1. Is it true that residue 100 is assigned to a loop (DSSP other than H, G, I, E, B) and surrounded by 15 or more Cβ atoms within 10 Å (Cβ to Cβ)?
2. Might you let me know whether segment 171-178 holds any residue that is over 19 Å from residue 53 (Cβ atoms), without any contact (Cβ under 8 Å) to a residue 12 or more places away in the chain and in contact with a helix residue (DSSP H, G or I) (Cβ under 9 Å, 6 or more places away or on another chain)?
3. Against the conditions (1) closer than 22 Å to residue 77 by Cα; (2) more than 16 Å from the chain's Cα centre (by Cα), where does residue 130 fall short? Just the number, please.
4. Take residue 81 and tell me if it is modelled with pLDDT of 95 or more and farther than 25 Å from residue 8 by Cβ.
5. Conditions first: (1) over 20 Å from residue 42 (Cα atoms); (2) free of Cβ contacts under 8 Å to residues at least 40 places away in the same chain. Residue 126 passes all but one, so which condition is the exception?
6. Mind telling me which of the residues 110, 137, 122 ends up being buried (at least 20 other Cβ atoms within 10 Å of the Cβ), part of a strand (DSSP E or B) and outside the structural domain of residue 23 (by TED's automatic domain parsing)?
């Protein structure tokens, strides 16, 4: 369901992250917000001229049904493709393209334990080194990949080399953003 550009009043106090600083804030019940992006279960809103991201588990504050998040985890046997599919559900709150298509994932390493469980290391970057949303996006990556069957641990490392540039985006992402 696309709720984008819809103005609504918050139904309850809700924790959010300011964009681009990543600072945690509480948005008060009754405040008017405008949803600018609803992707990967998260909702980017404008409130009093400022941008904030409300996570999927707090969508009810917007009057939106909380999605049964992490749809790839239930009943699916583990595969590397499943990890990539899960990463494609993570978005920068300001850009309507997932982090895989943006070229932000530099490395995905899966190590098998003797018991069949997986330890996963993901090296990723951001479009701008000073972006305060980095830890928020990395936490979302860790949470979503950790929910997959057979995953024992997930480590997400933010790296800055090589420095990200627009040439790292997929053709689809470049077309979506008008940069092709």
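1. Yes: the conditions hold for residue 100.
2. The answer is yes; a qualifying residue exists.
3. (1)
4. Considered against the rule, which asks whether it is modelled with pLDDT of 95 or more and farther than 25 Å from residue 8 by Cβ, residue 81 comes out as yes.
5. Here residue 126 meets the rest and fails (1).
6. Exactly one residue qualifies, and that residue is 122.
The values are calculated or read from the model by the stated rules, or taken from the named source; none is laboratory data. Note that the coordinates shown come from a computational prediction; the quantities given were computed from them, not determined experimentally. Using ideal geometry, Cβ is built from the backbone for each residue, glycine included, and neighbour counts are taken over all protein chains shown.
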